[in-house]
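The values are calculated or read from the model by the stated rules, or taken from the named source; none is laboratory data. Everything numeric here is computed off the predicted structure, so don't read it as measured data. So basically every Cβ, Gly included, is an ideal-geometry build from the backbone, and we count neighbours across all protein chains shown. For the accessible areas, the whole protein counts, side chains as well, though only heavy atoms, and no ligand, DNA or RNA atoms are used. Shrake-Rupley method; radii C 1.70, N 1.55, O 1.52, S 1.80 Å.
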Amino acid sequence: MHHFFATAAKGTEGALRDELRALRLPRVRADRGGVHFEGRLEDGMRACLWSRIAMRILLQLGELEARGTQGFYDAIRSFPWEDHLSLRRTFAIRATVRDSELTHSHFVALKAKDAIVDRLREKLGGRPDVDADRPDVSVVIHLAKDVAQLSLDLAGAPLHMRGWRVEAKEAPLRETLAAAMLALGRYDPALPFLDPMCGSGTLAIEAAQIARKIAPGRGRHFGFMRWPAFGDEESKAFRALQEDAKAVALPKAPAPILARDRFADPLEVTERNLHRAGVTGSVELEQRDTRDLGSLPPRCQIFVNPPYGERLGGKRLQLEGLYRGFGQAYAPLEPEHRLVVLSGSPYFERAFGARVRARHRLFNGPLEVDLLSYGPMPA
């Protein structure tokens, strides 16, 4: 039985807990910064393939007491790394530090690398290469006070990297946060969906993949596939997970999904991203002013991540004018249509004008944001 930790953006731990429980993973428990679960390696692979909200899935190896520089080196060197690494596979170390005598994560990573290399040279007669960009095995070390927590990153590259993004004209909304926004906003695939400020299309693509039951990890390669311990049995188990995922995918979304933007360039980016994500026929694109929300399907769910100031140069009057116009467009629609907004601007709520029905505090990277729900709430 392995112990896993799925990391999550601050504020999304509850949504991730519910998602992993829906995947029927054993012993799911939310914690600060993520969610614990247990199970076989196959359960970790299932989480990589299906989790839309997790940022990383870590296989926890253990905890070691590590006091001071020499104590840390000795503790890392004492661990049986030969069970997880080999001379034919590259590795890299990602370190984080909290409330420790050793305060610099880069120094901690370098000392850990020295200890691991010295251990493998002693046990295996040589040393593996380090590849910081695309390692076969990604080692994660979190040093908290005098305890070093050791893990392996199953996915390798972060899970928000779905493999479909071509480019974005501005800083994009991460796919994992978009998925959390849809979960916390209680997106219902059976009802129509609209993003009126779609940017590069992240929300619409996530909604379409949810509606069509497309696994977010479909088609991408994961780090565990290059682990020395990933043999024929593990490969067979993962192929079975992939086949199961392919079998449950739907050919089309059960309700219309609309993506609009007032600018042509973002829509062109969205179109290319839709193609790469395999959901081109599930999302309708339209160039339209944000303040024009007319002609919506009945009971449409509106999800939007409005600009915080970047696209308009951060000018307060322009931002407030955009928010106010959007609020005036939504006001007559509120009795029938629900709206969920990811707001990172202190000007949004007052300028928008409507009464907030529900609120969640989240983080978009280092930026504190609010997930605001307006209009009729789902039962």
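Each DSSP beta bridge with both residues in the chain is either parallel or antiparallel, and the antiparallel ones are about 65%.
Model label sites at residue 213 and residue 286, defined 7 Å from Cα along the beta-carbon direction, differ in position by 2.9 nm.
Given R0 = 25 Å, the distance between the Cβ atoms of residue 262 and residue 315 translates into a calculated FRET efficiency of 0.90. For the pair segment 81-109 / segment 176-218, the C-alpha centres are spaced 35 Å from each other. Full extension of the chain between residue 124 and residue 336 gives 69.6 nm of extra length, using 0.36 nm per residue less the Cα-Cα distance.
Applying 1/(1 + (r/R0)^6) with R0 = 51 Å to the Cβ-Cβ distance of residue 229 and residue 190, what FRET efficiency is obtained, to the nearest 0.05?
0.75
Carbon-plus-sulfur accessible fraction, segment 309-379 (probe radius 1.4 Å, protein heavy atoms only): 51%.
Once the 1.4 Å probe is applied to the protein heavy atoms, segment 33-140 comes out at 48 Å² accessible per residue. Cross-link partners of residue 113 among lysines, defined as those whose alpha carbon lies under 27 angstrom from its own and excluding same-chain residues fewer than eight positions apart: 123, 145.
Tell me the carbon and sulfur percent of the accessible area for segment 137-286, rounded to whole percent, probe radius 1.4 Å. That fraction is 52 percent. PRE reach from residue 145 (point 7 Å along Cα→Cβ): which of segment 59-92 fall under 12 Å by backbone N? Inside the label zone: 66. If r is the Cβ-Cβ distance from residue 276 to residue 70 and R0 is 56 Å, what FRET efficiency results, to the nearest 0.05? Plugging the Cβ-Cβ distance into 1/(1 + (r/R0)^6) gives 0.70.
Residue ranges 46-58, 358-370 sort as 46-58, 358-370 when ordered by packing (mean number of other C-beta atoms within 10 Å per residue, highest first). Here the peptides 139-146, 223-230, 153-160 are ranked by packing, the mean other Cβ count within 10 Å, and the order with the highest first is 153-160, 139-146, 223-230.
Going 7 Å from the Cα of residue 295 toward and past its Cβ, which residues in segment 196-215 have a backbone nitrogen under 17 Å from where you end up? Under 17 Å, as judged by backbone N against the label point of residue 295, lie 196-197 of segment 196-215. At what distance in nm do the modelled label points of residue 236 and residue 252 sit from each other, each positioned 7 Å from its Cα along Cα→Cβ? Calculated label separation equals 4.0 nm. Per residue, segment 193-264 exposes 43 Å² of solvent-accessible protein surface, assessed with a 1.4 angstrom probe and all protein chains in place. Segment 46-77 and segment 279-347 have their alpha-carbon centroids 41 Å apart.
Please compute the contact order of the chain in relative form: average sequence separation of alpha-carbon pairs under 8 Å and at least six residues apart, divided by the residue count, as a percent. Don't skip to the end; give the middle numbers.
Working: 782 pairs, mean separation 57.3, N = 379.
Answer for the chain is 15 percent.
Once the Cα-Cα distance is subtracted from the 0.36 nm per residue extended length, the residue 356 to residue 131 segment shows a gain of 76.2 nm. Secondary-structure-derived ellipticity at 222 nm for the chain, considering helices only, amounts to -10000 deg cm²/dmol, per-run term -39500 (n - 2.57) for DSSP H runs with n ≥ 4. Taking the C-alpha atoms only, the angle from helix 202-211 to the longest principal axis of the chain is near 80 degrees.
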